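A short write-up of the structure that comes next.
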Amino acid sequence: MKKNPIFLKTTITTVLAFTLGLSACGAPDANSGKNTTSSTGPIKIWLSNNEQELKWGKAVVSSWNEKHPNEKVKAQEIPASSSSEEAITAAITAGTSPCLIYNISSSAVPGWVRQGGLVNLSKIADGNSYIEGRSGKSAEHYKTNGDYYQLPWKQNPIMLIYNKDIFQKAGIDPENPKMDTYASFLEGARKIVNSGASQSALWPAPTNEFYQPWNDFYPLYLAATDGVPLIKDKKATFDDENGRDVTEFFRTLYAENLAPKEKPTDDAMSQGTTAMQLAGPWAVAAYKGKVNTGVMPIPTKDGKKDVTTFADSKNISMFTSCKAQGTAWKFLKYSTSKDQDKRFIEATGQIPIRSDSGSIYQNFVAKNPAYKPYVDQALRTGDVPSLMNSVEVWQTFRKLWSNDVIFGKTSSQEFVDSAAKSINELARKG
């Protein structure tokens, strides 16, 4: 399976280690001490090591520095480590974190808040108004303890990207597949495999990492529920008809060998060994010139229109070690302005989280029509719930999913019941 090169995955061992470590730390006031949001001066920021993002980041820093000689910004890549989260956690612990980091995973934020490493942006005078004015209602997904410790920045909404040539070979109209319901999707999947057009219809990663539900169950559950998160009010939400239906859909794919139970040894889409993948807009560039691709929304039981999907976001946080938080806030707003967001999508193909994305990215879509489905979808996304023990919750879900769904050890009802019971216990602790 082709993985998103932008979304930096983290090994479960590493994430569990830093999550457990953070839970033992105290939680000082994120805006206490001498470092206030009125202080100005030079600042440092960290950027993802993605080539396109680095190019954009250097350009925005250069344009800022020309106009602000007394508040210069120095940018560097996140230091090398087994994961960006590990590098950030180490920097918080050592008090060496930069002022801003442009690669924040929402699942890690609650732990860093508990550690006292992040500035509460809601305490800044125009913090809430700027964040909510830029991102609209979707900003609510990114609150921790009722406040913003991260600015929702960019997303890679998950959709179904497919090989048009394989669809054509299987007798499916590649321009209008009509696979928007579970039943019609399964019918199309059977045509693909039974015709010999491809050895599999869909190939979600069957591995056991905690984040894998974000690439199979969760996008379909968000679509089925119009964006209901996995946990709400410290209780699992998926112990219902929607959760059972999504589970049964995947159990059928695996039971009928429409989706493989083993990890691919190469890029299955590029090699033609699968017809479809759940992927973000990064896949458009990744498969350009290699696969004749089309994009369609996530299916639902009844084929609803305008579905919600998983955002697969990366965000921006300010760190309490910053001695010039006033400059950091001004630069944060400068780098996420409408003008810079237009430049960002043009440079990277990733979609800034804006309530007006449907209108301000028109020129980009006109020049790059393959991205249009993703830009349209970006207005309807959901994300992971804010949980202190997020990794443990998702790992528990995945372990049961692997056994009960991928390998069909129990019924969909039994899986949902046992997973919800286990996660409810964890949610109460978190």
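Taking the criterion of being touching a Cys at 6+ places or on another chain (Cβ under 9 Å), modelled with pLDDT of 95 or more, in the same structural domain as S105 (by TED's automatic domain parsing) and not in a loop (DSSP other than H, G, I, E, B), would at least one residue in the stretch 59-70 satisfy it? Within the stretch 59-70, not a single residue is touching a Cys at 6+ places or on another chain (Cβ under 9 Å), modelled with pLDDT of 95 or more, in the same structural domain as S105 (by TED's automatic domain parsing) and not in a loop (DSSP other than H, G, I, E, B).
For (1) assigned to a helix (DSSP H, G or I); (2) assigned by TED's automatic domain parsing to the domain that holds W214; (3) surrounded by 24 or more Cβ atoms within 10 Å (Cβ to Cβ); (4) among the small types (G, A, S), each residue gets a yes or a no:
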position: S81; (1), (2), (3), (4): no, no, no, yes
position: E85; (1), (2), (3), (4): yes, no, yes, no
position: A91; (1), (2), (3), (4): yes, no, no, yes
position: T96; (1), (2), (3), (4): no, no, no, no
position: I101; (1), (2), (3), (4): no, no, yes, no
position: W112; (1), (2), (3), (4): yes, no, yes, no
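For the stretch 240-251, the criterion of being modelled with pLDDT under 95, under 20 Å from L426 (Cβ atoms) and in a loop (DSSP other than H, G, I, E, B) is met by no residue. One residue stands out among those in the stretch 162-180 that are hydrophobic (A, V, I, L, M, F, W, C) and assigned to a loop (DSSP other than H, G, I, E, B): the one that is surrounded by the most Cβ atoms within 10 Å (Cβ to Cβ), which is M179. Close contacts from the stretch 233-244, counting a first residue that is in the same structural domain as F415 (by TED's automatic domain parsing) and a second that is part of a helix (DSSP H, G or I) and of a type in the set (D, E, K, R), with Cβ to Cβ under 7 Å and a gap of 6+ residues or different chains, come to K234/R428; D239/D417.
Yes or no, residue by residue, for (1) out of contact with any Leu (no Cβ under 6 Å at 6 or more places or on another chain); (2) buried (at least 18 other Cβ atoms within 10 Å of the Cβ); (3) aliphatic (A, V, I, L, M):
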position	(1), (2), (3)
S337	yes, no, no
N363	yes, no, no
D383	yes, yes, no
S390	yes, yes, no
Q395	yes, yes, no
K399	yes, no, no
I406	yes, yes, yes
S411	yes, no, no
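Output the residues belonging to the stretch 158-199 that are hydroxyl-bearing (S, T, Y) and either in contact with a helix residue (DSSP H, G or I) (Cβ under 8 Å, 6 or more places away or on another chain) or under 17 Å from M269 (Cα atoms) (or both). Within the stretch 158-199, Y162, Y182, S195, S198 meet the criteria.
Checking each residue in the stretch 296-347 for being part of a loop (DSSP other than H, G, I, E, B) and of a type in the set (A, V, I, L, M) picks out I298, V307, A311, A324. The single condition among (1) in contact (Cβ under 8 Å) with a residue 60 or more places away in the chain; (2) among the small types (G, A, S); (3) surrounded by fewer than 24 Cβ atoms within 10 Å (Cβ to Cβ) that G196 does not meet is (1). The listed residues are K301, K261, K288, K305, and the only one of them that is in contact with a strand residue (DSSP E or B) (Cβ under 8 Å, 6 or more places away or on another chain), surrounded by fewer than 18 Cβ atoms within 10 Å (Cβ to Cβ) and of a type in the set (K, R) turns out to be K301.
In the stretch 115-129, the residues that are within 13 Å of Y142 (Cα to Cα) form Cβ pairs under 7 Å with partners that are at pLDDT below 95, at six or more places apart or across chains, as follows: N120/A30; N120/N31.
The values are calculated or read from the model by the stated rules, or taken from the named source; none is laboratory data. Treat the numbers as computed from the prediction; the structure is a model and nothing was measured. So basically every Cβ, Gly included, is an ideal-geometry build from the backbone, and we count neighbours across all protein chains shown.
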